Amino acid sequence: MDSLDEFDIKIIKELEKDGRMAFSTIAANLKISNTMVHQRVNRLTEQGIISGIKPLVNEKKMGYDWASFTGITLNKDSDSERIIEALKAIPEITECYYVTGSFTLYVKIIAKNHEHMRNVLYEKIDRISGIAKTDSIIELGCAFKRNIVL
């Protein structure tokens with residue numbers, strides 16, 4: 001993979017401001033050609049550096065007032081692939097990470113209220129064969145969230 005140059009970084013920063021920004025606007029802002037913006041965005045996408053333009057959903061405004069970060073301990077780490085597939089089927093789980101330490105996996109769960117959260121934990125996650133235990137920390141609010149600074 002080629003390293004990012006100053007134009008790649010500037011284009012990414014423009015897209016971070018508004019992912020729907022027209023390439024012609026980016027080109028005008030950066031004083032480069034529209035073709036150059038198209039080529040760079042295509043290359044960055046092909047290299048997997050950017051992976052599309054998605055809306056940032058405000059879960060709280062959609063009625064999801066609860067969130068947790070939950071560590072998951074497996075009976076056998078070799079079951080992780082199967083268990084991850086089962087976790088993917090639970091729509092309230094929005095992120096899943098492999099981690100070191102006491103847990104095998106760490107997930108973020110969003111829920112509408114405490115009953116919904118209890119249902120996700122006890123009726124969905126705990127019923128997945130191979131999960132030994134879970135340990136949740138309730139989120140009280142997001143202080144900030146951002147991409148890595150380029």
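The values are calculated or read from the model by the stated rules, or taken from the named source; none is laboratory data. On a predicted model such as this, the values are computed, not experimentally measured, just so you know. Because the Cβ atoms are built from the backbone with ideal geometry, glycine has one as well, and the counts that use them run over all protein chains shown. Accessible surface is based on the protein model in full, side chains and every heavy atom, while ligands, DNA and RNA are left aside. Shrake-Rupley method; radii C 1.70, N 1.55, O 1.52, S 1.80 Å.
Computed values, structure above
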{"item": "Checklist (1) open to solvent by 60 Å² or more (accessible area, probe 1.4 Å); (2) in contact with a Lys or Arg (Cβ under 8 Å, 6 or more places away or on another chain); (3) closer than 24 Å to residue 12 by Cα applied to residue 95, failing item", "result": "(1)"}
{"item": "Search result, residues across region 43-77 that are touching a Ser or Thr at 6+ places or on another chain (Cβ under 9 Å), open to solvent by 50 Å² or more (accessible area, probe 1.4 Å) and in a strand (DSSP E or B)", "result": "69"}
{"item": "Region 22-42, residues that are in contact (Cβ under 8 Å) with a residue 24 or more places away in the chain and part of a helix (DSSP H, G or I)", "result": "36, 37, 40, 41"}
{"item": "Pairs where the first residue, in region 129-150, is over 13 Å from residue 70 (Cβ atoms) and the second is among the acidic types (Asp, Glu), C-beta under 9 Å, 6+ apart", "result": "129/79; 130/79; 146/16; 147/16; 150/8; 150/16"}
{"item": "Selection count, region 119-128, where residues are open to solvent by 40 Å² or more (accessible area, probe 1.4 Å) and touching a residue at least 12 places away in the same chain (Cβ under 8 Å)", "result": "1"}
